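Okay, so here's the structure we're looking at.
Values in this text are rule-based calculations from the coordinates and carry no lab data. Computed from a predicted structure; not experimentally measured. Note that each Cβ is placed from the backbone with ideal geometry, even for glycine, and that neighbours are counted across all protein chains shown.
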Amino acid sequence: MDLIFSRKNMEVLLDYIAEGVQIIDSRGRIIYYNRAASELEDIKQEDTIGRHILEVYPSLSPETSTLLQAIRTGMPSFQVQQTFINYKGKKITTVNTSLPIKANNKIIGAIEVSKNITDVRELSERLVDLQERLLHKESGPKQKRVKDSAGYTFIDIIGQSQEMLILKGLAMKASQTPSPILIYGETGTGKELFVQAIHNASPRRDKPFIAQNCAALPGTLLEGILFGTVKGSFTGADDRAGLFELAHGGTLFLDEINAMPMELQAKLLRVLQDGNIRRVGDIKTRNVDVRIIAASNTDPRAAVEGRQLRRDLYYRLNAVELRIPELKERKGDIPLLIQYFIDKFNDRLGKNIRGIASDAQSSLQQYAWPGNVRELEHVIEGAMNLMDGQIIQIENLPPYLRRIDQSSGKYGKSEKTVSLKRALEDYEQEMIRSCFEACEGNVSRAAEELDIPRQTLQYKLKKYGLTKCTGRI
Ligand SMILES: Nc1ncnc2c1ncn2[C@@H]1O[C@H](COP(=O)(O)OP(=O)(O)OP(=O)(O)O)[C@@H](O)[C@H]1O
Ligand SMILES: [Mg+2]
């Protein structure tokens, strides 16, 4: 065991991890510096050993160095963001975990693990700057640009199932109030679509719409991005407005809210309660008027139980709670969605696809769609990219969706297990399709041929997504 944990082995191991690791003795002298740390600072390992930490990091002080703090206080600190200028003048941001090392109740040194987040920070700040510039364009173009960032409206949300109709009604009502909204639904169900539609139907539609994914940034950065920062604070930040200030008068969409660190959730709750934000490192507060829409791709009650979402924040957010059903819960919408995506990609790919073959469609109808509408959209896009004819055939679908048993030509489930209802529907669909095509898309004639009322035929054409097969109904 001792052999395995020998100093040499540990040093080799520490040289292979991506985080910087530094160890100092009780007087602040560097006694260990791993390879990632030396790459991060652009300094040779041997040039650091034996030197005082402030000698190597001249922009830090005994108060701002997290390692020296650990020695002075004897307390560990976790995930603390630190920004400093390295000896070459480059601004570097790290997230550090620092632990004092004790022996016989005496502090003999400290160890620190640092993750370099300079690039992430620069990128996210650049995004905020861009957003700001976009929002401050002169009035004419501004209105358009701002709207562009939230392009979807309720018209773009396809779905006629009972659940979707109710949901759209609720969302429409909620769009008229300033209360926070919590939207949840599995991946690909259309959360972003709803959020944008709500903003665009709200009295705030000409004001900014800003979206931030809470899982995309480390918590320490997220705080600065949301609330802004002031210069001179020990984090080494500049004077910068946060997204709350930029979204003033408009809507701020916080996606994957359950990924936001708990302490930050507490700060968010305070903003929701009193409408005031405080930039990181600032003493004064600023009033903002921002409508918050939060989204979660897990059930928020489970997130509360699992301690990913603060209970008090949940109760504040769920004044309006909208759950978007999974696609498998509303399979009746599949034909409509298929047709919608065919139209969309006809435009985009410059194609003229007219519909989908019935066996291909029933295959799509049977599938469970774990990726929901997004997965369906990609399947249609993929099929349309590769095909030559005008009707999507089962061969154009990805292999996992080809439910045909090649040897018998029947559904892979074996014929016996196909319910009578399904078999009749398939038969009906095929009959309607061929008659409708033979009548060149003339509904009245096809209805006469089939001996059913015109309205019934129209309903069935919609149900089976056959409306576009022949161009008109
Ligand atoms: N009801 C719908 N009608 C038309 N298109 C839809 C619908 N629902 C989703 N889509 C499309 O599916 C894709 C995924 O939707 P969206 O990005 O809103 O999902 P999401 O719920 O935010 O997913 P995630 O949790 O993975 O972020 C988008 O291209 C969107 O346009
Ligand atoms: Mg989303």
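Structure data summary
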{"item": "Computed E for A368/A103 - FRET, C-beta separation, R0 56 angstrom, nearest 0.05", "result": "0.45"}
{"item": "Of all DSSP beta bridges in the chain, antiparallel share, percent nearest 5", "result": "60 percent"}
{"item": "Beta bridge orientation in the stretch 120-325: antiparallel %, DSSP, nearest 5", "result": "20 percent"}
{"item": "Summed side-chain charge close to P178 - residues other than P178 whose Cβ falls under 11 Å, Lys, Arg +1, Asp, Glu -1", "result": "+1"}
{"item": "Estimated FRET transfer efficiency when R0 is 41 angstrom, pair L13-K328 (beta carbons, to 0.05)", "result": "0.30"}
{"item": "Out-of-range pairs (alpha-carbon distance over 25 Å; input K44/K106; K344/K462; K44/K102; K173/K267; K168/K463)", "result": "K44/K106; K44/K102; K173/K267"}
{"item": "Scaled radius of gyration (Cα, divided by 2.2 N^0.38 Å) that the stretch 68-135 gives", "result": "1.52"}
{"item": "Rounded tilt (10° steps) of 420-438 against the dominant C-alpha axis of the chain", "result": "70 degrees"}
{"item": "For the stretch 7-116, alpha-carbon Rg relative to the globular expectation (2.2 N^0.38 Å, N residues)", "result": "0.98"}
{"item": "Mean residue ellipticity (222 nm) of the chain, computed from DSSP H runs ≥ 4 via -39,500 (n - 2.57), nearest 500", "result": "-12500 deg cm²/dmol"}
{"item": "Relative exposure of M260, M164, judged by other C-beta atoms within 10 Å (fewest first)", "result": "M164, M260"}
{"item": "Net charge over other residues, Cβ less than 11 angstrom from the Cβ of I452 (K, R count +1; D, E count -1)", "result": "-2"}
{"item": "Helix 372-386 vs. the chain, principal-axis angle (Cα, 0 to 90°, nearest 10)", "result": "70 degrees"}
{"item": "Stokes-Einstein diffusion coefficient of the chain, Kirkwood radius over Cα pairs, 10 °C, 1.306 mPa s, in µm²/s", "result": "59 µm²/s"}
{"item": "For the stretch 120-325, convex hull volume per residue from C-alpha positions, Å³", "result": "116 Å³"}
{"item": "Mean Cβ count within 10 Å, highest first, over the residues of peptides 187-195, 435-443", "result": "187-195, 435-443"}
